[in-house]
Each structure stands twice: as structure tokens, then as C-alpha cells.
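Remarks on the structure that follows.
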Amino acid sequence: MTQSQGMSAVVNEARPADAPALAKLSNLDRFLPVSVLVFLGIPLLAGYLTRTFGERVRGRQWYEARFLRRVGPIALYGLLLTVVVLFALQGKTITENPLDVARIAIPLLAYFALMFGGGFALGRRWRASSAC
């Protein structure tokens, strides 16, 4: 028995009765880095390059006054499309594991409610204007 066979035997012995669930995790291990690269890495790199070259070629004033004004709404639609695609790709998992989804969603909803409420309260306390 080679060393790698010995390691796999140890791993197999250590697996609980819920081995199929662990097999799904190995697929997640392959899917997660690709998803992060596609849905986060590429847009981040595109934004960085756009800002860098846009400011270098046309200047910061043009970039912020003209370019961002036109691209901003498109970026919002891109974010919405990304969220829709991510949920569509995970639709089966979401419907098969609603309690897992709730376990993730409830703290996120609480966080966003707390951040919105805290920001709103601070704005009222500081008498901040809502005008853009």
C-alpha cells in the first residue's frame, strides 16, 4: 500500500454515515473557486482596469463626471443579473434545503436591517439631508 492509498483509507474510515453529503462538498470545492473568479474576480479586474486606464487617458474629472454617470446604471443591472444567475444556478439546492437557506438568510436580513436602521438613525441624529 502506497502512502496516498494509506491516506485515503484513513479518510474513508473517518467518514461519518453521512458520506454522500461529504461527496457533495467535494463538488463544491471545485465549483466555489470558479464561481468566485467568474462572479467577483472578473468584474473587480474590469473595474480596476477601467478606472486606471480611463483616468490615465481622459483624466479623473472626465472619468467621474461623464463615464461613471453613464456606466453606473449599467453596473446596477449587471449586479442584478449576477444575483439572478447565481440563484438560478443553485435553484435545486435552494429548494431541497430550505432550512439551510433560512439559516443563512436570517442573519443576513438582521444584519442589513441593523445597518439600515443604524445609518438612518445616525442620519436623523446628525440632521443629514437626503438630497443628492
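For Phe67, neighbours were defined as the other residues whose beta-carbon sits under 11 Å from its Cβ, and their charges (Lys and Arg +1, Asp and Glu -1) total +4.
If R0 equals 22 Å, the separation of the Cβ atoms of Tyr48 and Val84 corresponds to a calculated FRET efficiency of about 0.35. The reciprocal of the average 1/r between distinct C-alpha atoms defines the Kirkwood hydrodynamic radius, which for the range 44-118 equals 15.6 Å.
Bear in mind that the values in this text are calculations on the coordinates, not laboratory data. Just so you know, these numbers come straight off a predicted model, no measurement behind them. Reconstructed Cβ throughout: ideal geometry from the backbone, glycine too, with neighbour counts over all protein chains shown.
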